[in-house]
Amino acid sequence: MAKDAEKSTWKDFIWNPRTREFCGRTASSWGLILLFYLVFYIFLAGMFCLTMYVMLQTLDDHKPTWQDRLGTPGMMIRPRGESMEIIYNPQMTESWDMYAKTLDNFLSPYNNSLQAEKNDECKPDQYFVQADSGDVKNNPKRSCQFNRTLLEVCSGLEDRTYGYVDGKPCIIIKLNRVIGMLPGTDGQAPFVTCGAKKEDSEKIGELAYYPKNGTFNLMYYPYYGKKAQVNYSQPLVAIKFLNITLNEDVNIECRIISNSIPPGSERDKFAGKVSFKLRINT
Amino acid sequence: KYPYRVTCFLSHFYIFCGLTNAKAAEYLIRDGPNCLTPPPTTPEWVKFCRQLFGGFSILLWTGAILCFLAYAIQAATEDEPAGDNLYLGIVLSVVVIVTGCFSYFQEAKSSKIMESFKNMVPQQALVIREGEKMTINAEEVVAGDLVEVKGGDRIPADLRVVSAHGCKVDNSSLTGESEPQSRSPDCTHDNPLETRNVAFFSTNCVEGTARGIVVCTGDRTVMGRIATLTSGLESGKTPIAKEIEHFIHLITGVAVFLGITFFILAVFLGYSWLEAVIFLIGIIVANVPEGLLATVTVCLTLTAKRMAKKNCLVKNLEAVETLGSTSTICSDKTGTLTQNRMTVAHMWFDNQIHEADTTEDQSGASFDKTSITWGALARVAALCNRAVFKAGQDQLPILKRDTAGDASESALLKCIELSCGSVKQIREKNKKVAEIPFNSTNKYQLSVHETEDPNDNRYLLVMKGAPERILDRCSTIIIQGKEQPMDEEMKESFQNAYMELGGLGERVLGFCHLLMPEDQYPKGFAFDCDDVNFTTENLCFVGLMSMIDPPRAAVPDAVGKCRSAGIKVIMVTGDHPITAKAIAKGVGIISEGNETVEDIASRLNIPVSQVNPRDAKACVIHGTDLKDLSQDQMDDILRNHTEIVFARTSPQQKLIIVEGCQRLVSHTDTHTLTHTHGAIVAVTGDGVNDSPALKKADIGVAMGISGSDVSKQAADMILLDDNFASIVTGVEEGRLIFDNLKKSIAYTLTSNIPEITPFLLFIIVNIPLPLGTITILCIDLGTDMVPAISLAYEAAESDIMKRQPRNPTRDKLVNERLISIAYGQIGMIQALGGFFSYFVILAENGFLPSILVGIRLNWDDRSCNDLEDSYGQQWTYEQRKIVEFTCHTAFFVSIVVVQWADVIICKTRRNSVFQQGMKNKILIFGLFEETALAAFLSYTPGMDVALRMFPLKPSWWFCAVPYSVLIFVYDEIRKLLIRRNPGGWVERETYY
């Protein structure tokens, strides 16, 4: 009996034919409340858009308001591998083929012909400053050539396998782009140096850096942002492992050495350095 | 059947010798000790568990379990599971446990105060066994024992009186009668409570001595039966517990609806089933207001403390609010409404009724004390009186002093002491030479004294007693100090005065005196009191004095306040109808101008049966009539009379009355079909006879000073000063906390939306998470707490004592409108405020809104350390996470900023803030506190590691300010519309 009453009240709540109420409201009541919420939310959306618009007006097109989180630029390698681990077997083409392809793709914009077509030859070892004169923007800004051939054996032009087939792989290192960053003072160009983590120091073997000494030439800095400097070519450093111990994990860390880049925080493993694991199986 | 009629066929030998020690020992083993079985006490751990798992805690436990479940799923499926769910689960559990402990200790404190009430002194009893009087522990008394009691003793068990000398017992704790009852060996009534030959366990013998045979001991006594009846009753859920249950239903409904919706959405968007389940759990848990349990508990505790300060001790925290919802108060008369002390109320002399001052502090009007007649009356009252003040109370005010003697004699003593000075001195000056004590056959008391004047050798005979008997013995009357013959006219005016005073429910005594002629009774005359050798006729009538147990001073005002607050006050008493009605009229329970059926009948001079019962708003119902009423008739009486007095009621009948009131549905509600609740009934009482009703009531209120232990155990609340007026405080505080809890909940729930929406958008449009679990907890358990609690201190918006009690079916603590306002309107504005600052920070750091949609996969990829922003810069994982956590901090700060406005708008539900003012200092403190806490969390070094909160640029604090202003303006407009257009659409849809 009580259960019946309960049931009928539930049914009544969903659709009460007596009062023509659906979920406790009549059609007009539903209409009004929905209309209210519609109007209310449209108004809110309008208000939100207005504040967003005002905020966007305050932004500079070429430089973000704050860059304090990018004090130490990050570093990254190509190929990235599976979560910073590069593992392959020279005998099995399919295990390193994708690395070579990644590098091919990555390096294709650096082909000498393309660079020559789009970018300028700059004066090396000094910043390529293209200052605006007051309010008049000096746009678009030009960029310096970074030719693929600078990477020599790691350019993939002669050795299309980037050394992977010989067990002497090339890894390309880049420094994250940060607008306006000047990575060295007194004409001292920053350079990359790689080493193994302690326990692996014997396994890493000899390394070769391209360009020489693994430097990022100063002429590629400062960066002016992708809007002003459309064809910017990020400078690269390639390292080649000449006789790395096979069949063992080798943890490698590369750092940027510069007299103006502050050392990154402990927590960030990719600020001013990059760590990865390399393992060549046979 | 109760063995009260045990007739004593026993030999004189037995009556003098009692039981043998051996028999007594045997009976003691058979019947057990003579004490009440204490009600089964709930073990402490059960009480603790109730606090841990009761009501609101269930919601949090469910949340915690879901969190652990989600974490378990994540741990099983992912390599590096995010710890958020685990932490959240732990925090939820900790919150419930801490709050549970808090309220457990809070209630333990109240019960400790309760313990202190208990009378720990063991009772002694004088029994006669084997012919020898012996004092034994009252617990060892057995049925059949011969017991002797004298004035001042507590009756050790139910006694069948076998002999008595002027024995009077005070049954007020059992029946509510304030007058002591005389006991004698005669069986006068079938009802054991009415018959004179039974004295009851735990009542007091006031005077005289009596000998009786124990008929019942322990739980089998009348007192024991009532106590058993009480402990057998189940008290229902408190109204606030029901409200919280309803609230949990609503919240769960919303949570499950949101959860399922987004679960389906997530599945459609291509998330895996497991991920969708994690989302489902996350959304449901996000709906749990973590801080609310603590807020509600603290608010109730604060109110309980405030009430305790005003002499209302609340045993159960949830009962704090119950008085506020009360629509009917069933009050006991004796001790609650009255002072439980006979006091001279009126006098008749010089053919005129004079009113005495009956107030506790002697602030009332006084009468002309210069009349010679008054002097004579006072002298008679002082001399013909055996009551004396107990020693060592000289510094106490007269009314507070203890006396030895009969209640009415004590009343006379105090009255004379107050108006004429020391009675002791009067008695010393007029030495007593002879005395005939009161007995039931001659119904008077007489004494003979020497006069004050040493030259006057006449004796003064003074007499008091039942007025008609006194009048019969008088031939003259003293008017304005002159003796006049008693004529018919005088007799008639005496009759009128007697009737009038009797009609007021007062006990009337007549006084007369005679200066005995010196020639017949020379100095040294030997008065023989046993064989009266002097005249007791042809005396001179002096006057009448009438006594009543007067109402407490504050009661009429309190009853008036209850009435204007829409609360019906019903008197339920064991006392006589006339007395009950007189007191009811005196305190306003029957208000001036309202008549009972009997009043109408006597005014119109027609039989009672011809009066339409609907014409009478007031009624006085006798317990014996109540017995014959059907349930429908009972409901009819309760519904159709606004002013009701129940007299001569038994404990069971009190229970029936309370149940009747609880069934009663208010008039306004009868048209809705879905009602299930009746009225919420409060019962006040102090006697054992009240305790079943106290337990059955929605809130039982016992008296702290005069109340019996049984009643205190059955009650939910104790009035420490025994003052009915304190109940009004309770009602006021209860109503206020109900209103303020609404505000508190509205405030707390609002921030749920800005806490949930970030997660929803994170799932749906794949933006970096705008607000993390830690920051949510910082809001719910950190910044929101003090402002939410401060709302408990908010002053009432209007006179809450002028409105009707809330209707438990319609006026809910949390209703759809509150959810609609909090979630649908204010919460949405808040969410936009938070999102705005989120977008500001990301944009100012280089991630414009356009790039954000869909960025989540790369954003949360640890191995992607060159994520490009809108400007072409590249970010490592850690760098962009810092920005993300800065966003969390900013979102958190924005919620604090919009909650400023929210707490200000939540101060009022109808009034403008400008009308209400900002007088709530705690709230202002709360505003500063939450801001300081937010700043502390953001700027303290080390917070980046501890809570992943980062310092904000000063400008980011202001992002949400426009939204804060919008909330304030929007709500002011809403409230303006509510005030301008009462009952309009805005009120119907948004007034919570």
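Couple of notes before you dig in:
- Using the Stokes-Einstein relation with a Kirkwood hydrodynamic radius computed over Cα pairs, the translational diffusion coefficient of region B:127-260 at 4 °C and a viscosity of 1.567 mPa s comes to 74 µm²/s.
- For region B:804-906, the Kirkwood hydrodynamic radius comes to 16.3 Å, computed from all pairs of different C-alpha atoms.
- The amide H of B:Ile436, built 1.01 Å from its N in the peptide plane, has B:Leu446, B:Ser447 as neighbours under 5 Å, considering only residues 5 or more places off or on other chains.
- Convex hull projection area averaged over all views, region B:279-415, Cα basis, nm²: 14.4 nm²
- The magnitude of the dipole of region A:75-280, with charges of +1 and -1 set on the Cβ of Lys/Arg and Asp/Glu and taken from the Cα centre, is near 560 debye.
- Among complete DSSP H helices in chain A, those whose alpha-carbon atoms stretch at least 30 Å along the helix's long axis and whose mean Kyte-Doolittle hydropathy reaches 1.6 are A:27-57.
- Sorted fewest first by neighbouring Cβ atoms within 10 angstrom, B:Tyr104, B:Tyr877 come out as B:Tyr104, B:Tyr877.
- Net charge dipole, region B:647-779: roughly 300 debye, given to the nearest 20, about the Cα centre with Cβ charges of +1 for Lys and Arg and -1 for Asp and Glu.
- Shielding of B:832-839 by partner chains, average beta-carbon count, 10 Å: 3
- Taking Cβ atoms as reference points and 12 Å as the exclusive limit, the residues near B:Thr322 contribute a net charge of -1, counting Lys and Arg as +1 and Asp and Glu as -1.
- Computed per residue of chain A from DSSP H runs no shorter than four, each worth -39500 (n - 2.57), the mean residue ellipticity at 222 nm is -8000 deg cm²/dmol.
- Acute angle (nearest 10 degrees) that the helix B:488-503 long axis makes with the longest principal axis of chain B, alpha-carbon atoms: 30 degrees
- In this structure, B:Arg639 and B:Val94 have a Cβ-Cβ separation that, at R0 = 56 Å, corresponds to a calculated FRET efficiency of about 0.65.
- Shielding of peptide A:35-41 by partners, expressed as the average count of other chain Cβ atoms within 10 Å per residue Cβ, is 3.
- For region B:681-697, 3J(HN,Hα) computed residue by residue from phi via the Karplus equation (6.51, -1.76, 1.60; θ = phi - 60°) reads 10, 9, 10, 10, x, 10, x, 4, 5, 7, 5, x, 5, 4, 5, 6, 5 Hz, glycine and proline entered as x.
- The share of alpha-carbon pairs in region B:56-99 lying farther apart than 12 Å comes to 56%.
- With one equal scatterer per alpha carbon and no solvent term, the Debye-computed log10 I(q)/I(0) for the protein assembly as shown at 0.05, 0.07 1/Å reads -0.57, -0.85.
- In terms of the mean number of neighbouring beta-carbon atoms within 10 Å, the peptides B:623-634, B:84-95, B:647-658, A:178-189 order highest first as B:647-658, B:84-95, A:178-189, B:623-634.
- Start at zero, step by 10 Å, and the Cα-Cα distances of region A:155-282 spread as 12, 38, 33, 15, 2 percent across the bins.
- Taking N as the residue count of chain B, its C-alpha radius of gyration divided by 2.2 N^0.38 Å amounts to 1.23.
- Long pairs among B:Lys802/B:Lys921; A:Lys101/A:Lys141; A:Lys203/B:Lys881; B:Lys390/B:Lys424, criterion Cα-Cα beyond 23 Å: B:Lys802/B:Lys921; A:Lys101/A:Lys141; A:Lys203/B:Lys881
- Packing-based ranking, highest mean first, of B:45-54, B:730-739 given that Cβ atoms within 10 Å are counted: B:730-739, B:45-54
- Cβ-based charge dipole, the protein assembly as shown, positive-most Cα from B:Ile226, B:Gly566, B:Thr642: B:Gly566
- Where both bridge residues fall in region A:75-280, DSSP classifies roughly 80% of the beta bridges as antiparallel.
- For a label point 7 Å along the Cα-to-beta-carbon line of B:Asn457, residues of region B:511-528 with backbone N under 14 Å: B:517-526
- Between the helical axis of B:631-640 and the longest alpha-carbon principal axis of chain B there is an angle of about 80 degrees.
- Of the cross-linked pairs B:Lys333/B:Lys561; A:Lys63/A:Lys197; B:Lys310/B:Lys414; B:Lys400/B:Lys482; B:Lys561/B:Lys654, those separated by over 28 Å at the C-alpha level are A:Lys63/A:Lys197; B:Lys310/B:Lys414; B:Lys400/B:Lys482.
- Percent of beta bridges antiparallel (DSSP, chain B, rounded to nearest 5): 75 percent
- Ordered by the count of other Cβ atoms within 10 Å of each Cβ, fewest first, B:Ser938, B:Ser235 give B:Ser235, B:Ser938.
- Estimated D of chain A in µm² per second, where Rh is the Kirkwood radius over Cα pairs and Stokes-Einstein applies at 37 °C, 0.692 mPa s: 141 µm²/s
- Leading residue at positive end of dipole, chain B (Cβ point charges), from B:Leu791, B:Thr809, B:Thr209: B:Leu791
- If only the Cβ of Lys and Arg carry +1 and only the Cβ of Asp and Glu carry -1, the dipole of chain B around its Cα centre is close to 240 debye.
- Gap separating the Cα centres of region B:406-421 and region A:199-233, nearest whole Å: 111 Å
- With the helix formula -39500 (n - 2.57) applied to DSSP H stretches of n ≥ 4, chain B reaches a computed 222 nm mean residue ellipticity of -14500 deg cm²/dmol.
- Computed over Cα pairs, the Kirkwood radius of region B:504-637 leads via Stokes-Einstein (0.692 mPa s, 37 °C) to a diffusion coefficient of 170 µm² per second.
- Rounded to the nearest 10 degrees, the inclination of helix B:44-53 to the longest alpha-carbon principal axis of chain B is 40 degrees.
- Dipole orientation for region B:834-959: of the candidates B:Cys906, B:Trp957, B:Leu852, B:Cys906 has the Cα lying most toward the positive pole (charges on Cβ; Lys, Arg +1; Asp, Glu -1).
Each reported figure results from applying straightforward, stated rules to the coordinates on display, with no laboratory input. What you are looking at is a predicted structure, and each value in this text was computed from that prediction instead of being measured. Note that we place each Cβ from the backbone using ideal geometry, even for glycine, and neighbour counts take in every protein chain shown.
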